[in-house]
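Colleague: Attaching a single structure in structure tokens format; questions to follow.
The numbers here are math on the coordinates, done by the rules we state, and not lab data. Every value quoted in this text rests on a predicted model; they were computed, and no experiment measured them. Cβ: placed from backbone, ideal geometry, glycine included. Neighbour counts: every protein chain shown.
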Amino acid sequence: MGPGGVLTLAAALGAVGGALAWFLLRDTFAQPLFLRTNVRGAAVPVAVGILLPVVLVAAASLLVLADSADWFDVATGPLLTTVLGATGFGMLGLLDDLAGDGSSRGFAGHLRALAERRLTTGAVKLFGGGAVALLVASTVSDERPARLLADAALIALSANLANLLDRAPGRVVKYSLLAAIPVAVVAGVDGRLAGAVVVLACAAVLILPDLREQMLQGDTGANVLGSTLGIAVVLTTAPTTRSIVLFTVLGLNLVSERVSFSRIIEATPPLRAFDRLGRVR
């Protein structure tokens, strides 16, 4: 079966896997280890976004099995690249969710802490994310160092940008799904997007408990969503397009050091309405 069938199967596996994983693991996430206070003062499980790479690994194993049986023609190389990126960034985000104290924020904050001989979990995520992005990009990019570094930066900055949007219930998932639209338009029906489709379908299912404030994606989920979209761009678009996306995400990351995205969203009626859509009043 062609790429259309592969993407359809990937979406089904992501959606079913996300719903099943949340149903079976709700009690696990209700343990004190995961509980954090949300913006409304309620105790909510954080780091539930770890389900995204967990479901991706399970779905990828089934897709690889289907490919070996000649039922589907799966692009296994790009799929494994997406699994590598989602797993690596997910683990870094999990560390920050469970052990981070939030005392240092932004690039400047983490670098100041490092100058004071303190390695924050955010700095581990920052430098570790760069290393993971470089490994992931090396499986896709050509051998030129400049292109390799540019693609790695695109992936890492996309993950960080998603983290910056994770400030309200459902927000990071909404904007990730929105950002996926131009990627899909440019790439078309491309089997190399199977991994990204699994992650996005899983996140789309989990947005329901997220909006109801029953869980938080956390840095874990935001990391996975952002990096997966960055990987999808690197996998399926031309170098010129990747460079444009790189400068866009770089610009947004730099702007975030001075301006709060939450304030911009609240001050812009269409963005505010989209942001509040489906959320508990």
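Colleague: Order 187-197, 254-264 from most to least packed using the mean count of other Cβ atoms within 10 Å. Walk me through the numbers on the way to the answer.
Modeller: Values: 187-197: 22.5, 254-264: 12.8.
Descending mean neighbour count gives 187-197, 254-264.
Colleague: How big is segment 131-183 on each of its three principal axes, counting only the C-alpha atoms and giving the largest first in Å?
Modeller: Cα extents, longest axis first: 40, 22, 14 Å.
Colleague: Same structure, new question: Taking a ≥ b ≥ c as the square roots of the Cα gyration tensor eigenvalues, with a/c under 1.5 meaning rounded and otherwise prolate when a/b beats b/c, else oblate, which class fits segment 164-243? Could you put the intermediate results ahead of the total?
Modeller: Numbers: a/c = 2.52, a/b = 1.96, b/c = 1.28.
Here segment 164-243 falls in the prolate category.
Colleague: Mind checking which of 81, 241, 220 has the largest fluctuation in a GNM of the chain, springs on alpha carbons under 10 Å?
Modeller: 241
Colleague: Moving on. Order these peptides, 83-90, 163-170, by their mean beta-carbon neighbour count within 10 angstrom, highest first.
Modeller: Numbers: 83-90: 25.8, 163-170: 22.0.
The peptides rank, most packed first, as 83-90, 163-170.
Colleague: So if I place +1 on the C-beta of Lys and Arg and -1 on the C-beta of Asp and Glu, and nothing else carries charge, what would the dipole magnitude of segment 3-276 be about its Cα centre? I want it in debye, nearest 20. Walk me through the intermediate numbers first.
Modeller: On the way: 20 positive and 19 negative charges, 177 e Å.
Its charge dipole is roughly 860 debye.
Colleague: If amide H atoms are built 1.01 Å from N in the plane of the peptide, which residues on other chains or at least 5 residues away come under 5 Å of the amide H of residue 35?
Modeller: Close amide H contacts, sequence-distant or interchain: 46.
Colleague: Determine, from the Cβ-Cβ distance of residue 31 and residue 65 and an R0 of 25 Å, the FRET efficiency 1/(1 + (r/R0)^6), rounded to the nearest 0.05. List each step's numbers first, then the result.
Modeller: Working: r = 33 Å, r/R0 = 1.31.
My answer for the efficiency is 0.15.
Colleague: Tabulate in residue order the Karplus-calculated ³J(HN,Hα) for segment 10-26, using 6.51 cos²θ - 1.76 cosθ + 1.60 with θ = phi - 60°, rounded to whole Hz; enter x for Gly and Pro.
Modeller: 4, 5, 5, 5, x, 5, 5, x, x, 5, 5, 5, 5, 4, 7, 10, 4
Colleague: Which of 7, 259, 199 sits farthest toward the positive end of the charge dipole of segment 3-276, with +1 on the Cβ of Lys and Arg and -1 on the Cβ of Asp and Glu?
Modeller: Farthest towards the positive pole: 259.
Colleague: Also, I was wondering about something else. So which trypsin sites (Lys or Arg not before Pro) in segment 11-71 pass both tests, a DSSP loop state and at most 16 other Cβ atoms within 10 Å of the Cβ?
Modeller: 40
Colleague: Most mobile of 160, 223, 38 per a Gaussian network model of the chain (Cα springs, under 10 Å)?
Modeller: 38
Colleague: Here's something else I'd like to know. What residue among 58, 223, 78 has its Cα farthest toward the positive end of the dipole of the chain, where the charges are +1 on Lys, Arg and -1 on Asp, Glu, each on the Cβ?
Modeller: 223
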